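The values are calculated or read from the model by the stated rules, or taken from the named source; none is laboratory data. Owing to the predicted nature of the structure, the values given are computational and were not obtained by experimental measurement. Using ideal geometry, Cβ is built from the backbone for each residue, glycine included, and neighbour counts are taken over all protein chains shown.
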Amino acid sequence: MRVNWKKAITAVMIFSILISMAGCSHKQEKTPKPKPQPTVVVNNGNADAKGSGDGQSDVPLVIGCDKLSKKFNPFAAQSEDDELAVKLTQLYLVSNDRMGRIIYNGIDGEVKTYKGRDYTYYGPADVKVKYNKKKDETIYSITLRNDINFSDGEPVTIDDILFTVYALCDSDYSGNSDLGRQNIKGLLKYQKNKKVKKISGISRINKYMMSITTNGYSASMIKSLQIPICPLHYYGDIEKYNYIKNRFGFKKGDISTICANKSSPIGAGPYRFVKYENKIIYYTSNEIYYKGCPKIAYVQIKEMREILNKTQEKIDRAAKEEPEGTLNRNAVALEMTEGTVDVFNTILSKEDIYWVTSVNSNEKLSGNKISTSFVPTGIYQYIGINANNVKSEKDAYSKKSRNLRKAFATAFSAFKSSLYDYYLDGTCIIQYPVSSVSWLSVNENEDGYSETYNSDMNGYALYNKDTSAEEKYENVKMAVLSYLEAAGYTVNDKIVISAPKGAKMSYSIIMTDREDSPLYEMVSQTSSLFRDIGMNLRIVPVNSERQYKNKLSSGRHQLWIGQYDTNKEDSLYVKYLNRNDIFGLVKSNIGGLLRRTEKPIKDNRLKKLYKRSYQKIFNMAVEVPVYEQQTAMMYSSARIDIDTMTKDVTGYYSWINEIESIQMK
């Protein structure tokens, strides 16, 4: 919080400042530690238990999905919908908060603040991370709670975690977990079967403690420990488990027996899998769930692809017969109001948003029938500019070259607002190359925040409310011309006459989808502006992902529209100095700074390093972050008690993380 004490000249203002300071430093309160409290007699957590407890609603919560592949196995599930089916039954070793920060003290819980609210996060384990600089190795010490059971009543121990870890690290594993690709000591020798019977960096300490040692330090290692704790007695073979004899519950190099059971997952999660029938999965609540018996006794996951396709056909027929008819044109909204599904995750277009709002009596996205919240996904679109191919004279990193790229970056950034017409309420324009809700992002209230290239317009105001659209366009043009002149271009009467040596009068930008792309209008406006000043920005469409990748890997590309998934890879070094050098930065001096962001340092210092890195990237003008993709989480407010729904859902923190607290009406 920034306070200007020089302006505090009256008692009233001083009082206001003191009050606001008190609000910023409020005492965080921790919610009570959850304990398993069965509400009905459970036969040792028998899977046949009906899942109905005191005060529970018998009305099922129906979750919609696209299509299930029926691989309901934590080691084999790969599709998003199959992973959802598994997630309801599983307990995960490590978790994170709403901003993507790891929860290290899950047993006693950690309080984290998000958007002014305090949230307490609990988990099944504590993880301590200690880096030894002299040995250049990191030790991850894991302590497991000693009072957790799987839904069948069997206790959860460190042996279940060891079994899970060895299965995920096995050379035969081909799922989504990247634990087997981490730099764990002895892992590579074990996978290559070089007479190594165990992974030397993994140690069992006792029934509830273990450690994992890695060579060096990697920020991705702790994230790779976000794994389900799978029961050895169910997925593995107890007869084949003996830690002292280097036997881990299955035959090394062959996890086929572990993956054989694809249809009936078991874990220590909030729900028990009952059956899959007629494209619907049925669950009952797990009364011995460590955070308490879920308030909703029954949950279903229902395939919606076929249902929505038939509904859409009905809508299309009605539209032809009666174009001005009142039938809702959004299939999801129709099915939700008719009670087919209670929760659904989808993408809403401008037209879809209109039809969803028409369902509610208040004509808003959230009302008496449907409640909608937009969730940033961590996947964002950007404009890339290759420094080697967009430069002035010979030096790609000189001030002149940076000014040339800033001319393009300024125009793109100024025309971002066209996305509001495309996504309406679902628009999430970003200024930094990271998820908008990530703790590593820079928000508007922080020192050093800037609207990237919009904040460096050489004095040309773009967002003055009193400025007309024509004036704003003229201001953008003047800012672009100013950068081009600084780059060495000859400008006469607002027209570019000639380019300096090494630069061009015509550049091209690669994009897929062309008119169907949400960025097309922004790119088209930028192209028109450069045409108005005598230059050319040519839009080059590509017809396939393969053609797109080939153009980027050729090294001859100039500008392009890219997409980046921060959930899969958040290493700045890997992104900007990758093998193909798509940004043209390999020969720059930025590598040292980016490497420092991957060292084991405190969070506050790490965030400062990220902020410095962002500013370096912006100064190089090789990337213009544009917008983060958002999905619309739609809930039936007619059947769900919305007040009990998980608050502040983000791409890092699903509503399912607190499903045990949700209630039906």
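Among the residues of the stretch 326-343, not a single one is part of a strand (DSSP E or B) and surrounded by fewer than 19 Cβ atoms within 10 Å (Cβ to Cβ).
For the stretch 183-194, does any single residue satisfy the condition of being surrounded by fewer than 18 Cβ atoms within 10 Å (Cβ to Cβ), at pLDDT 95 or above and in contact with a helix residue (DSSP H, G or I) (Cβ under 9 Å, 6 or more places away or on another chain)? Looking through the stretch 183-194, at least one residue is surrounded by fewer than 18 Cβ atoms within 10 Å (Cβ to Cβ), at pLDDT 95 or above and in contact with a helix residue (DSSP H, G or I) (Cβ under 9 Å, 6 or more places away or on another chain). Each residue in the stretch 474-508 was checked for being more than 21 Å from GLN558 (Cα to Cα), surrounded by fewer than 17 Cβ atoms within 10 Å (Cβ to Cβ) and under 38 Å from the mean Cα position of the chain (by Cα), and 2 pass. For the stretch 222-259, a residue qualifies if it is within 20 Å of LYS198 (Cα to Cα) and assigned to a strand (DSSP E or B), and the qualifying residues are TYR241, ASN242, ARG247, PHE248.
Only one of the listed residues (ASP136, ASP152) is touching a Pro at 6+ places or on another chain (Cβ under 8 Å) and over 19 Å from GLN226 (Cα atoms). That residue is ASP152.
Taking (1) acidic (Asp, Glu); (2) assigned to a loop (DSSP other than H, G, I, E, B); (3) crowded, with 21+ Cβ neighbours inside 10 Å in turn, GLU598 satisfies each apart from (3). Taken together, the criteria exclude ARG145 from residues that are touching a residue at least 40 places away in the same chain (Cβ under 8 Å) and surrounded by fewer than 14 Cβ atoms within 10 Å (Cβ to Cβ).
A single member of GLN615, GLN558 is modelled with pLDDT under 95 and either crowded, with 17+ Cβ neighbours inside 10 Å or farther than 22 Å from ASP97 by Cβ (or both), and it is GLN615. In the stretch 405-416, is there at least one residue being touching a Gly at 6+ places or on another chain (Cβ under 7 Å) and either under 26 Å from TRP560 (Cα atoms) or not in a loop (DSSP other than H, G, I, E, B) (or both)? There is no residue in the stretch 405-416 that is touching a Gly at 6+ places or on another chain (Cβ under 7 Å) and either under 26 Å from TRP560 (Cα atoms) or not in a loop (DSSP other than H, G, I, E, B) (or both).
One line per residue, one yes/no per condition, for (1) of a type in the set (Asp, Glu); (2) over 20 Å from VAL62 (Cα atoms); (3) in the same structural domain as GLU80 (by TED's automatic domain parsing):
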{"residue": "TYR298", "(1), (2), (3)": "no, no, yes"}
{"residue": "ASN309", "(1), (2), (3)": "no, no, no"}
{"residue": "VAL332", "(1), (2), (3)": "no, no, no"}
{"residue": "GLY339", "(1), (2), (3)": "no, no, no"}
{"residue": "LYS350", "(1), (2), (3)": "no, yes, no"}
{"residue": "SER371", "(1), (2), (3)": "no, no, no"}
{"residue": "ASN389", "(1), (2), (3)": "no, yes, no"}
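Tallying residues that are assigned to a helix (DSSP H, G or I) and not aliphatic (A, V, I, L, M) within the stretch 510-564 yields 21. Taken together, LYS602, LYS575 contain a single residue that is more than 19 Å from ALA387 (Cα to Cα) and in the same structural domain as THR512 (by TED's automatic domain parsing), which is LYS602.
Does ARG595 satisfy the condition of being under 23 Å from ARG402 (Cβ atoms) and over 27 Å from the mean Cα position of the chain (by Cα)? Taking the combined requirement at face value, the residue does not satisfy it.
Filtered by the rule that a residue be surrounded by fewer than 22 Cβ atoms within 10 Å (Cβ to Cβ) and touching a residue at least 40 places away in the same chain (Cβ under 8 Å), the stretch 254-265 gives ASP254, SER256, CYS259, ASN261, LYS262, SER263, SER264.
Being assigned to a strand (DSSP E or B), in contact (Cβ under 8 Å) with a residue 12 or more places away in the chain, over 22 Å from CYS65 (Cα atoms) and in contact with a strand residue (DSSP E or B) (Cβ under 8 Å, 6 or more places away or on another chain) narrows it down to one residue among ILE301, ILE383, ILE379; which is it? Answer to the selection: ILE383. The residues in the stretch 99-139 that are in a loop (DSSP other than H, G, I, E, B), in contact (Cβ under 8 Å) with a residue 40 or more places away in the chain and more than 17 Å from LYS291 (Cβ to Cβ) can be counted, and the count is 5. A search for C-beta distances below 7 Å between a residue of the stretch 643-663 that is under 21 Å from ASN286 (Cα atoms) and any residue that is in a helix (DSSP H, G or I) and of a type in the set (Val, Ile, Thr), counting only pairs 6+ apart in sequence or on different chains, returns SER661/THR644; ILE662/THR644; GLN663/THR644.
Selection within the stretch 357-373: residues that are surrounded by 20 or more Cβ atoms within 10 Å (Cβ to Cβ) and either among the charged types (D, E, K, R) or within 19 Å of GLN629 (Cα to Cα) (or both). The member of this set that is farthest from the chain's Cα centre (by Cα) is LEU365. Assigned to a loop (DSSP other than H, G, I, E, B), among the basic types (Lys, Arg) and modelled with pLDDT of 80 or more, is that true of LYS27? No: the conditions fail for LYS27. Residues that are surrounded by fewer than 20 Cβ atoms within 10 Å (Cβ to Cβ), at pLDDT 95 or above and within 18 Å of ASN73 (Cβ to Cβ): does the stretch 198-220 have at least one? Scanning the stretch 198-220, I find no residue that is surrounded by fewer than 20 Cβ atoms within 10 Å (Cβ to Cβ), at pLDDT 95 or above and within 18 Å of ASN73 (Cβ to Cβ), so the answer is no. Do we find that SER417 is surrounded by fewer than 17 Cβ atoms within 10 Å (Cβ to Cβ), small (Gly, Ala, Ser), outside the structural domain of LEU484 (by TED's automatic domain parsing) and at pLDDT below 95 in this structure? No; evaluated as a whole, the condition is false for this residue.
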